[in-house]
1. Pull out all pairs, ordered by first then second residue, where Cβ-Cβ is under 8 Å, the residues are six or more apart or on different chains, the first lies in the stretch 3-30 and is open to solvent by less than 10 Å² (accessible area, probe 1.4 Å), and the second is acidic (Asp, Glu) and part of a loop (DSSP other than H, G, I, E, B).
2. Need pairs with beta-carbon distance below 7 Å; first residue farther than 18 Å from residue 18 by Cβ and within the stretch 99-119, second among the polar types (S, T, N, Q); sequence gap 6+ or separate chains.
3. Could you say which residue among 146, 173 is modelled with pLDDT of 85 or more, closer than 24 Å to residue 7 by Cβ and in contact with a Gly (Cβ under 9 Å, 6 or more places away or on another chain)?
4. Go through (1) touching a helix residue (DSSP H, G or I) at 6+ places or on another chain (Cβ under 7 Å); (2) over 16 Å from residue 268 (Cα atoms); (3) open to solvent by less than 60 Å² (accessible area, probe 1.4 Å) one by one and return the number of the condition residue 206 breaks.
5. Is it the case that residue 177 is in a helix (DSSP H, G or I) and open to solvent by 50 Å² or more (accessible area, probe 1.4 Å)?
6. Would you please list the contacts, defined by Cβ atoms under 8 Å and residues six or more apart or on different chains, that run from a residue in the stretch 192-212 that is in contact (Cβ under 8 Å) with a residue 12 or more places away in the chain and among the polar types (S, T, N, Q) to a residue that is open to solvent by 10 Å² or more (accessible area, probe 1.4 Å) and not in a helix (DSSP H, G or I)?
7. If only one of 230, 241, 223 is open to solvent by less than 40 Å² (accessible area, probe 1.4 Å), small (Gly, Ala, Ser), in a helix (DSSP H, G or I) and touching a residue at least 24 places away in the same chain (Cβ under 8 Å), which one is it?
Amino acid sequence: MVFTQKAGSGGPTKVENAQIALIQFCVSPPKTDMENQVILADYSQMDRVLREERAYILDIVKTIKKSGCNVLLIQKSILRDAVNDLALHFLAKMKIMVVKDIEREDVEFVCKSLGCKPIASLDHFSSQRMATADTVEEISAGAGKLVKVTGITTAGTGKTVCVLIRGSNKLVLEEADRSIHDALCVIRCLVKKRALIAGGGAPEIELSLRLAEYAQTLTGTEAYCFRAYAEALEVIPITLAENAGLNPIATVTELRNKHAQGEPNTGINVRRGAVTNILEESVVQPLLVSTSALQLATETVRSILKIDDIVISLR
């Protein structure tokens, strides 16, 4: 597992046999709930405030050290600093690695990946809520640094794999991120429904022909709806032909003729720029992608048709 945040300055950069805790409280002096000002009359009062803050933070750090924790993950706080420089100094003296600014929306993912439980207060800080790992170390990645966790032993049956993407500029990184996301979505669809169908617009044009044939056996409004649905399905092969630089009218007409002759696996071959048997080219797609798209599009049209009137609000 990889964290994009750097380890706290002054502390250890590599910890073996790590005991990892994720805290949701702040290791910094408390603040009042309401906006107010504290006026100090002389320097002795200032010294007392500093001593109290120092003792408060030191007590928290000692409690963390006593539990056996040597890697501390701190959730990002919006009310005050989650950890201040004095706390980082004490934690570094105790040989505790600190990774701060863990986003709130990432807490659940981190806990599931590491096998730990978030600690909301110092009273609940115990070894039972911590995770264990073989090594936690700070590594260099290009111009920046990352924190890598390896050998996680408390994650249970689940496993987390982090993919580190590097590129020459932001555009390359975003394109690589989209490609990996699309590939993972394909795997997810295959896991949920283990079925593949031909790609290249073959299923859409086949379904369009069958609906058009069925529409001829109907009359009235139903026939019009089925015919419009069949025509709408042709948008997918038309768009695919346009993106491939082909003549959309000629390509879709040829594709429709092939399917009418009993060749349901015929699709648009982008590489060859022609209409061929798409299964022979190993161009397939998950069945769940097509069924989900049709289901969502149908539900959207039904929702629009249920609208009887539009109320225009005047501002």
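The values are calculated or read from the model by the stated rules, or taken from the named source; none is laboratory data. Bear in mind that the values here come from a model prediction, so they are computed numbers and not experimental data. With ideal geometry, Cβ positions are generated from the backbone for all residues, glycine too; neighbour counts draw on all protein chains shown. All accessible areas refer to the heavy atoms of the entire protein, side chains included, with ligands and DNA or RNA removed. Shrake-Rupley method; radii C 1.70, N 1.55, O 1.52, S 1.80 Å.
1. As it stands, the answer is 28/81, since those pairs meet every condition given.
2. The qualifying pairs are 101/5; 104/75; 107/75.
3. Result: 173 is the single residue among 146, 173 that is modelled with pLDDT of 85 or more, closer than 24 Å to residue 7 by Cβ and in contact with a Gly (Cβ under 9 Å, 6 or more places away or on another chain).
4. (2)
5. yes
6. 208/234
7. Only one candidate qualifies: 241.
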